[in-house]
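The values are calculated or read from the model by the stated rules, or taken from the named source; none is laboratory data. Just so we're clear, the structure is a prediction, and the values are computed from it rather than from any experiment. Note that each Cβ is placed from the backbone with ideal geometry, even for glycine, and that neighbours are counted across all protein chains shown. In case anyone asks, the SASA skips ligands and DNA or RNA and just uses the protein heavy atoms, side chains included. Shrake-Rupley method; radii C 1.70, N 1.55, O 1.52, S 1.80 Å.
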Amino acid sequence: MPRTQHPVKRLGRPTAQASAETHERLLAVARAAFARDGFDATTNRQLAAAAGITTGAIYHYYPSKAELYAAVYARVQDDVYGAFEAAIVPHQPLVARFS
């Protein structure tokens with residue numbers, strides 16, 4: 001009876017794609033946790049568990065919880081301003097309406 005081959009998980013740093021996916025997942029869980037619990041009540045242990053990584057792996061992406069918070073804040077600002085920009089595209093500027 002043939003044995004089933006299971007993919008071997010390599011140890012060490014993740015591939016660039018896996019790292020990018022992990023980074024996005026970390027930002028998403030951090031955004032939810034900071035919004036729900038606030039900065040002070042959110043722990044790296046909680047974030048790591050939610051993202052499926054170790055607490056030490058967080059430091060591969062951000063040197064501190066404050067830096068992670070700043071990245072989440074910047075991402076939210078980009079999302080909000082991007083939504084505003086997309087919403088005004090079909091509308092003429094006020095000056096164009098007067099001419």
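Here are some notes:
- Count - residues of the range 61-73 that are under 14 Å from Glu24 (Cβ atoms) and open to solvent by 30 Å² or more (accessible area, probe 1.4 Å): 1
- Scanning the range 25-47 for residues that are within 28 Å of Val80 (Cα to Cα) and either open to solvent by 80 Å² or more (accessible area, probe 1.4 Å) or at pLDDT below 95 (or both) turns up Arg25, Arg31, Ala35, Arg36, Asp40.
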